[in-house]
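The values are calculated or read from the model by the stated rules, or taken from the named source; none is laboratory data. All figures in this text were calculated on a predicted structure; none of them were measured in a lab. Using ideal geometry, Cβ is built from the backbone for each residue, glycine included, and neighbour counts are taken over all protein chains shown.
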Amino acid sequence: MSEVTEPETVDARGLRCPLPVVRLAAAARERPDGSLLRVLATDPAARHDVPAWARMRGHVVVGAAEVATGVWAVTVRLGPGAR
Amino acid sequence: MRTHLDNGGDAPLHPAARAAYLRALDDGWADPRRLHAEGRRAAVLLGAARESLAASLGARTEEVHLAASHTAALHAGVLAVRTGRRRRGPVVVLPRIERAAVRHAAELALPGVEPRTELVDVDRAGRVDAEAMAAALALPGVALACLQQANGEVGTCQPLARVAEAARAASVPLLVDAGAALGHVPAPAAWDLLAADPADWGGPRGVGVLAVRSRVRWGRSWPQDPEPWFPGGVSVPAAFAAAASLEAVTADRQAEDERRRALVARVRASVARIPDTEVVGDPQDRLPHVVTFSFLYVDGEALVTELDRAGFGVGSGSACTASTLEPSHVLAAMGVLTHGNVRIALDRTTSEDDVDRFLAELPRAVARVRSMLGAEGL
């Protein structure tokens, strides 16, 4: 059961791969299962690598969108795979 | 001591290629179109090369054309069929993981033809959905279908027989890109155009192969020349060496297949023991010599550099290792991790000892890069 409705945001804009995923994983470690986390990234690889990371870790991607030109937002719900 | 494990696309020159090349430099330096004795001698070598390549491909000699590179062969094959069949329609059907050369030739604007591509998805193993490919082939206005025999980045073999059957049923010519496969697996049985890359099997650079069945309707989108497919002709020594090396690698293919598959299996098993690793590509139905994996929280460029410093040359599909910021379109289409990617392709000269030393170094290199990024314990 989670009380979080608005996802917390990890701002990884301007960081090159794999740093957006590293920052997101570090933030995920601090939070309980069921939390929503959103990452903002400008590196094109993050669009592919955040979902791949989520799959490997047992999290679920609940949304992905280009929120501004060249800025991708991917939201994940942390699952039991979170450490 | 250097250990080169990046032999996909550019393998070291096979001894048979070197011997044939040197012989053809002496005997085949002249213009094969001239009528004097020197020209005729070059023409004999070029004819022998085409005849030998045709036999290896299961083609007729007059169906084999020689380009200056694999890229040029793919460009010409796609453009010629699009031009010849422009009244039938503008659409090229291809999987998302075809080589950039195929994709770019399919997307090029031609006089009077607005380019259109139908991109077909692949699964997590990198195999195209054969039924989706068949459905796309049945759409109206399809000029050409393209499919790799196997993907050179991840090694996965493609469902060629099923797609060839669907192409035949739809009366659409099929271009098979055997660039990463020929020399390592048997030549494909069903195709209308077939492209192959001598540099990949240990032949010389500077030559590409395009076989075109005589039934295929095609047209030039380039200037006319006595050599209709590849204006200016090809290097006779390169062509002769390409044919000789293909014969040589075909002769011991079975033994090399078993040896390299065993080494690849050892790599897959060993790499999977490194934490947070994804070994990609189909585990069984694959090329015998290519193996690809990605490490979570690893910078591909840093890892390639670390391994290089330790004496190992490897390839990578990670964005940070390419000239563009975009990661490998193959890994992206498969939905696997694109960062921290390493691709190795084993040559015939790669030994068990080479592989074991690499496998001993790899976990240390991965740990060093993760530690640099502050990614330990994530």
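Being over 30 Å from residue B:223 (Cβ atoms), surrounded by fewer than 16 Cβ atoms within 10 Å (Cβ to Cβ) and of a type in the set (Asp, Glu) holds for only one residue in B:6, B:26, and it is B:26. In summary, strands (runs of 3 or more DSSP E) completely within region B:78-167 and bearing 1 or more residues that are among the basic types (Lys, Arg) occur at B:116-120.
Scanning region B:202-239 for residues that are under 30 Å from residue B:159 (Cβ atoms) and buried (at least 24 other Cβ atoms within 10 Å of the Cβ) gives B:202, B:203, B:207, B:208, B:209, B:210, B:211, B:212. Residues of region B:319-378 that are surrounded by fewer than 24 Cβ atoms within 10 Å (Cβ to Cβ) and of a type in the set (D, E, K, R): B:326, B:347, B:348, B:352, B:353, B:354, B:356, B:357, B:361, B:364, B:368, B:376. Within region A:2-39, the residues that satisfy the criterion of being more than 9 Å from every other protein chain (Cβ to nearest Cβ), of a type in the set (A, V, I, L, M) and over 8 Å from the mean Cα position of the chain (by Cα) are A:4, A:12, A:15, A:27, A:36.
Just name the residue that is surrounded by the most Cβ atoms within 10 Å (Cβ to Cβ) out of those in region B:179-201 that are among the acidic types (Asp, Glu) and assigned to a loop (DSSP other than H, G, I, E, B). Explain how you work it out, then say what you get.
Of all residues in region B:179-201, those among the acidic types (Asp, Glu) come to B:192, B:197, B:200.
Add one more test, that the residue is assigned to a loop (DSSP other than H, G, I, E, B), and what stays is B:192, B:197.
On the way: B:192: 21, B:197: 30.
It comes out as B:197.
For region B:30-75, give me the residue count where each residue is touching a strand residue (DSSP E or B) at 6+ places or on another chain (Cβ under 6 Å) and farther than 20 Å from residue B:17 by Cα.
In the first step, residues of region B:30-75 are kept if they are touching a strand residue (DSSP E or B) at 6+ places or on another chain (Cβ under 6 Å); the result is B:50, B:53-54, B:57, B:59, B:63-65, B:67, B:69-70, B:72-74.
Then drop every residue that is not farther than 20 Å from residue B:17 by Cα, which leaves B:59, B:63, B:72-74.
Going through region B:30-75 one residue at a time, the tally reaches 5.
Close Cβ contacts (under 6 Å, 6 or more residues apart or on different chains) running from residues in region B:329-348 that are at the interface with another protein chain (Cβ under 7 Å from one of its Cβ atoms) and acidic (Asp, Glu) to residues that are part of a loop (DSSP other than H, G, I, E, B) and surrounded by fewer than 24 Cβ atoms within 10 Å (Cβ to Cβ) are absent. Take residue B:34 and decide whether it is part of a loop (DSSP other than H, G, I, E, B), without any contact (Cβ under 8 Å) to a residue 24 or more places away in the chain and out of contact with any Lys or Arg (no Cβ under 7 Å at 6 or more places or on another chain). Taking the combined requirement at face value, the residue satisfies it.
Which one of B:35, B:25, B:53 is touching a Ser or Thr at 6+ places or on another chain (Cβ under 9 Å) and in the same structural domain as residue B:187 (by TED's automatic domain parsing)?
Numbers: B:35 fails: touching a Ser or Thr at 6+ places or on another chain (Cβ under 9 Å); B:25 fails: touching a Ser or Thr at 6+ places or on another chain (Cβ under 9 Å).
Step by step, each of B:35, B:25, B:53 is checked, and only B:53 is touching a Ser or Thr at 6+ places or on another chain (Cβ under 9 Å) and in the same structural domain as residue B:187 (by TED's automatic domain parsing).
A Cβ distance below 8 Å, combined with a sequence gap of six or more or placement on separate chains, defines the contacts here; from region B:181-193, residues that are at positive phi and assigned by TED's automatic domain parsing to the domain that holds residue B:213 reach residues that are surrounded by 20 or more Cβ atoms within 10 Å (Cβ to Cβ) and among the acidic types (Asp, Glu) in the pairs B:183/B:200. Against the condition within 15 Å of residue B:291 (Cα to Cα) and out of contact with any helix residue (DSSP H, G or I) (no Cβ under 9 Å at 6 or more places or on another chain), how does residue B:343 come out, does it pass? Considered against the rule, which asks whether it is within 15 Å of residue B:291 (Cα to Cα) and out of contact with any helix residue (DSSP H, G or I) (no Cβ under 9 Å at 6 or more places or on another chain), residue B:343 comes out as yes. Which residues, counting only those in region B:289-318, are modelled with pLDDT of 95 or more, buried (at least 21 other Cβ atoms within 10 Å of the Cβ) and either more than 18 Å from residue B:271 (Cβ to Cβ) or within 10 Å of chain A (Cβ to nearest Cβ) (or both)? Across region B:289-318, the qualifying residues are B:294, B:295, B:296, B:297, B:298. Looking at region B:230-247, is at least one residue among the hydroxyl-bearing types (Ser, Thr, Tyr), in contact with a His (Cβ under 6 Å, 6 or more places away or on another chain) and under 23 Å from residue B:61 (Cα atoms)? So far as region B:230-247 goes, yes, one or more of its residues are among the hydroxyl-bearing types (Ser, Thr, Tyr), in contact with a His (Cβ under 6 Å, 6 or more places away or on another chain) and under 23 Å from residue B:61 (Cα atoms).
For region A:44-63, the candidate set comprises residues that are more than 19 Å from residue B:374 (Cα to Cα) and facing chain B (nearest Cβ under 9 Å); within that set, the residue that is surrounded by the most Cβ atoms within 10 Å (Cβ to Cβ) is A:45.
Tally the residues that are surrounded by fewer than 24 Cβ atoms within 10 Å (Cβ to Cβ), on the phi > 0 side of the Ramachandran plot and touching a helix residue (DSSP H, G or I) at 6+ places or on another chain (Cβ under 9 Å), restricting the search to region B:138-175.
Of all residues in region B:138-175, those surrounded by fewer than 24 Cβ atoms within 10 Å (Cβ to Cβ) come to B:138-142, B:157, B:159-162, B:164-166, B:168-171.
Right, trim to on the phi > 0 side of the Ramachandran plot and you get B:141, B:171.
Add one more test, that the residue is touching a helix residue (DSSP H, G or I) at 6+ places or on another chain (Cβ under 9 Å), and what stays is none.
Number satisfying all stated conditions: 0.
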